[in-house]
1. Within region A:9-21, can you find the residues that are farther than 24 Å from B:R18 by Cβ and more than 14 Å from DNA strand C (Cβ to nearest atom)?
2. What do you reckon, is B:E65 within 26 Å of A:Y90 (Cβ to Cβ), within 11 Å of chain A (Cβ to nearest Cβ), of a type in the set (D, E) and touching a residue at least 40 places away in the same chain (Cβ under 8 Å)?
3. Taking region B:89-114 as the search range and keeping residues that are crowded, with 17+ Cβ neighbours inside 10 Å and among the hydrophobic types (A, V, I, L, M, F, W, C), which one is farthest from B:L193 (Cα to Cα)?
4. Looking for whichever is among the polar types (S, T, N, Q) and open to solvent by less than 20 Å² (accessible area, probe 1.4 Å) here; the options are A:T192, A:T149. Which one fits?
5. If you check A:I209, A:I181, A:I222, which single one turns out to be open to solvent by 70 Å² or more (accessible area, probe 1.4 Å) and of a type in the set (V, I, T)?
6. Within region B:36-57, does at least one residue satisfy the condition of being away from chain A (no Cβ under 11 Å) and in contact (Cβ under 8 Å) with a residue 60 or more places away in the chain?
7. So A:C86 clears everything in (1) open to solvent by 50 Å² or more (accessible area, probe 1.4 Å); (2) within 11 Å of chain B (Cβ to nearest Cβ) except one condition, right? Which one?
8. Please count how many residues of region A:74-101 are acidic (D, E) and within 21 Å of A:L142 (Cβ to Cβ).
2 protein chains.
Amino acid sequence: MSTARQLAPATRDGSASRRVAAGIREAIAHGELPPGSRLRQEEIAERFGASRVPVREALKELEIEGLVTLVANSGAWVSQLTMRECEEVYQTRERLEPLLLHYSAPHLSADDLDAMDALARAMAETEDVVEFLRLDREFHMLSYSGGETLMLGDLVRRLWNTTQQYRRAYTMLVDVHAQRIVHDEHRHIVATLRDGDVEGAAHTVEGHIRRTRRMLAAHPEIFTPTG
Amino acid sequence: MSTARQLAPATRDGSASRRVAAGIREAIAHGELPPGSRLRQEEIAERFGASRVPVREALKELEIEGLVTLVANSGAWVSQLTMRECEEVYQTRERLEPLLLHYSAPHLSADDLDAMDALARAMAETEDVVEFLRLDREFHMLSYSGGETLMLGDLVRRLWNTTQQYRRAYTMLVDVHAQRIVHDEHRHIVATLRDGDVEGAAHTVEGHIRRTRRMLAAHPEIFTPTG
DNA sequence: ATCATTGTGATTGGATGCAATGACGTCTAT
DNA sequence: ATAGACGTCATTGCATCCAATCACAATGAT
């Protein structure tokens with residue numbers, strides 16, 4: 001009956017809920033679904049050409065990840081972070097990302113480092129906030145791509161996802177060109193990694209995150225009322 | 001028709017999947033479901049007096065937590081950790097638990113510290129491995145109970161859950177009385193917390209976890225073939 | 001006029017049913 | 001005898017269906 005269902009023709013490969021979750025995740029990341037947005041099961045189901053069952057599983061998945069807040073018999077909303085909570089995520093990142101870099105660094109190829117360098121350069125030149133954020137994320141994720149970890153990699157990705165909104169809000173607030181120090185840090189990370197100085201790179205990453213945390217803390221207006 | 005269903009009489013408060021997840025979690029923690037066990041949806045559904053829908057949501061939840069491994073069109077198994085993966089979890093704990101203690105410590109009451117002391121003493125006296133593990137967990141969780149965190153507390157609890165099996169296997173392997181150093185560390189944690197030396201306590205916790213990690217690494221026979 | 005109350009509609013939670021996939025055993029051909 | 005192909009069965013994935021709960025508005029009482 002439904003035409004939308006025909007577009008997703010019975011793949012039955014167990015990927016429906018995963019596809020829905022990925023779609024919602026992306027919509028949140030892109031700012032299409034800002035924090036506090038209501039998520040109606042039926043609406044989502046229609047959008048992705050699925051029934052409500054995989055949608056519910058996707059929402060569950062996103063809830064555990066912290067991206068979505070579920071209330072029984074009431075509904076689902078895109079999670080909002082207070083400033084305090086955002087700082088918690090950043091402090092967690094400060095501890096985990098240096099560790100993840102230790103896992104990843106030994107397996108990064110020269111090509112990977114070149115690509116990181118290119119991303120850092122592109123960031124310094126772009127004017128577009130969205131592009132800036134995309135490149136930044138890609139830079140760091142590439143630096144972590146060598147680590148074949150059980151959960152650490154996924155965990156860090158989740159932490160990035162939950163704070164993406166506030167990073168965007170902040171970046172849109174300040175001048176992109178005022179972020180010169182970001183580029184210096186990125187170049188320094190690549191340089192130390194080239195030298196095989198993993199500890200140094202990890203230290204820079206930690207400082208990089210800490211500095212960003214403090215920048216965010218200086219702009220409480222980004223956050224929800226109860227900051 | 002099913003009698004089991006009558007025992008869970010239509011609470012409809014959205015807690016079915018959560019109850020199922022909690023039940024499976026506990027069964028895994030208690031060793032009733034060892035790593036590698038197959039989890040059949042229908043079987044679980046009957047056991048908890050629910051239909052397969054909440055069971056699937058529970059399995060999804062446990063998969064994200066890392067306790068269960070889901071394979072599309074095939075089934076669900078209790079996750080197995082290699083030694084390398086277990087070490088990753090422990091390294092993650094080494095970084096996160098000191099941070100969590102920083103959140104918690106300022107809100108711990110004198111009563112909490114007394115209770116921790118009592119738990120540490122009880123641990124030193126028990127002969128039972130299961131009791132030993134229960135007390136150990138309670139001791140640490142109590143030390144973290146003051147932290148009103150968004151995700152850090154849950155995260156740490158999850159990390160404990162995924163490695164519980166291997167802690168038990170290790171504890172059963174060695175003599176309980178050989179763990180004197182554990183008790184010293186626990187007393188030291190309580191003492192430093194009483195002094196208000198959070199940094200010192202955090203440092204001890206970090207060392208405590210690191211030492212345990214190395215103890216586990218010395219017993220590769222605990223782990224699954226691909227260690 | 002304000003507050004409590006009741007009823008209606010929208011939306012979620014959970015149960016059942018059916019199609020599809022995968023595993024396993026059996027049969028056949030070389 | 002062994003390897004490959006086929007068919008059956010158990011089990012999962014998803015859609016549909018029904019009941020319970022909640023939000024909100026309209027009504028009535030103080």
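1. Keep residues of region A:9-21 that are farther than 24 Å from B:R18 by Cβ, which gives A:9-13, A:15, A:19.
Answer for region A:9-21, where residues must be farther than 24 Å from B:R18 by Cβ and more than 14 Å from DNA strand C (Cβ to nearest atom): just A:R19.
2. Numbers: within 26 Å of A:Y90 (Cβ to Cβ): yes; within 11 Å of chain A (Cβ to nearest Cβ): yes; of a type in the set (D, E): yes; touching a residue at least 40 places away in the same chain (Cβ under 8 Å): yes.
Yes; evaluated as a whole, the condition is true for this residue.
3. B:V89
4. On the way: A:T149 fails: open to solvent by less than 20 Å² (accessible area, probe 1.4 Å).
Criteria check complete, one pass: A:T192.
5. On the way: A:I209 fails: open to solvent by 70 Å² or more (accessible area, probe 1.4 Å); A:I222 fails: open to solvent by 70 Å² or more (accessible area, probe 1.4 Å).
Only one candidate passes the filter, namely A:I181.
6. yes
7. A:C86 satisfies all of (1) open to solvent by 50 Å² or more (accessible area, probe 1.4 Å); (2) within 11 Å of chain B (Cβ to nearest Cβ) except (1).
8. Of all residues in region A:74-101, those acidic (D, E) come to A:85, A:87-88, A:94, A:97.
Okay, now just the ones that are also within 21 Å of A:L142 (Cβ to Cβ), so A:94, A:97.
Looking only at that region, the number is 2.
The values are calculated or read from the model by the stated rules, or taken from the named source; none is laboratory data. Note that this is a predicted model, so its numbers are computed, not measured. Every residue, glycine as well, gets a Cβ built from its backbone with ideal geometry; the counts of neighbours run over all protein chains shown. Quick note on the areas: whole protein, heavy atoms, side chains included, nothing else; ligands and nucleic acids left out. Shrake-Rupley method; radii C 1.70, N 1.55, O 1.52, S 1.80 Å.
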